[in-house]
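The values are calculated or read from the model by the stated rules, or taken from the named source; none is laboratory data. Keep in mind that this is a model prediction, so the values were computed, not measured. Positions of Cβ are backbone-derived with ideal geometry, glycine not excepted, and every protein chain shown enters the neighbour counts.
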Amino acid sequence: MEQGGSGYRVEIASNSRSKCKGSLCGRAKIPAGVIRFGTFVDSGRFQSWAWKHWGCVTPRMLKNIKNRLGEDDLKNTMDGITALPDEWIDKIIRAVQEGHVAAEDERESRKLGNEAKGNISSSKKPNEKNPMVPPKIARKTKRHHITTKSVLSDSDDEAEYTNSSEEYDSD
Ligand SMILES: [Zn+2]
């Protein structure tokens with residue numbers, strides 16, 4: 001069956017509808033134009049691709065890829081890879097060989113995850129009462145979000161907490 005192929009596929013997202021299955025980014029949307037990595041899922045009743053940001057691909061997954069596709073011939077075994085720019089082909093092959101994605105890619109995903117966490121803590125309450133929060137109110141709560149977020153991450157980043165609470169008070 002053509003669609004499943006090797007079971008793995010890498011491509012440039014053609015739309016922004018897919019959501020990442022990774023946890024690093026907080027399951028953020030994968031915007032069109034970025035590299036996404038797919039695992040073919042066949043439940044018997046339906047077939048689909050589960051997509052991840054490249055930076056959200058875990059060492060465990062890379063190990064599975066290596067076991068199934070090998071590391072020497074990825075250009076022939078991984079669907080879609082040859083359609084990518086050379087730098088990405090190299091990057092993907094290197095990640096499979098080394099067993100982890102490049103630090104910069106992981107950092108991108110982690111950043112998305114942190115943004116998502118910030119958004120959830122700021123918008124959760126107003127959204128519960130009123131899911132249609134007008135942009136104006138949403139912007140107002142952003143200030144809260146700085147404090148809320150900082151309180152939450154107080155223990156690992158005290159300096160930031162002090163700064164942003166000052167900012168909050170002075171307003
Ligand atoms: Zn992700």
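When residues of the stretch 36-53 are filtered for being modelled with pLDDT under 95 and of a type in the set (Phe, Trp, Tyr), how many remain?
The qualifying residues number 3.
Within the stretch 18-35, is there a residue that is modelled with pLDDT of 95 or more and closer than 13 Å to Gly80 by Cβ?
yes
Return the pair list, or none, for Cβ contacts closer than 8 Å from residues in the stretch 81-92 that are free of Cβ contacts under 8 Å to residues at least 24 places away in the same chain to residues that are surrounded by fewer than 17 Cβ atoms within 10 Å (Cβ to Cβ) and assigned to a helix (DSSP H, G or I), at least 6 apart or on different chains.
The qualifying pairs are Thr82/Lys75; Ile89/Lys75; Ile89/Thr82.
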